[in-house]
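All remarks here apply to the structure that follows.
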């Protein structure tokens, strides 16, 4: 079975700097995938749409702590 993330349109975070500390995300058929842009060959994490939406809501409301 092929990896759907290989064909994904990866986007770099708008908060990433040129210092190399970047994350990329891609919307897949049923999930959102996140990976380290400096090591894309190391794989990715996948989140359901519900999980991703909850994460984004927590970030927007500063609910994750420092």
Practice item. Select from the range 24-51 the residues that are touching a strand residue (DSSP E or B) at 6+ places or on another chain (Cβ under 6 Å) and under 17 Å from residue 12 (Cβ atoms) and list them in ascending order. Key: 24, 25, 26, 32, 33, 34, 35, 37, 44, 45
Check your understanding: Going by the structure shown, is residue 28 exposed (fewer than 14 other Cβ atoms within 10 Å of the Cβ), modelled with pLDDT under 90, at negative phi and touching a helix residue (DSSP H, G or I) at 6+ places or on another chain (Cβ under 8 Å)?
Key -> no
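The values are calculated or read from the model by the stated rules, or taken from the named source; none is laboratory data. Source: prediction; values computed, not measured. Using ideal geometry, Cβ is built from the backbone for each residue, glycine included, and neighbour counts are taken over all protein chains shown.
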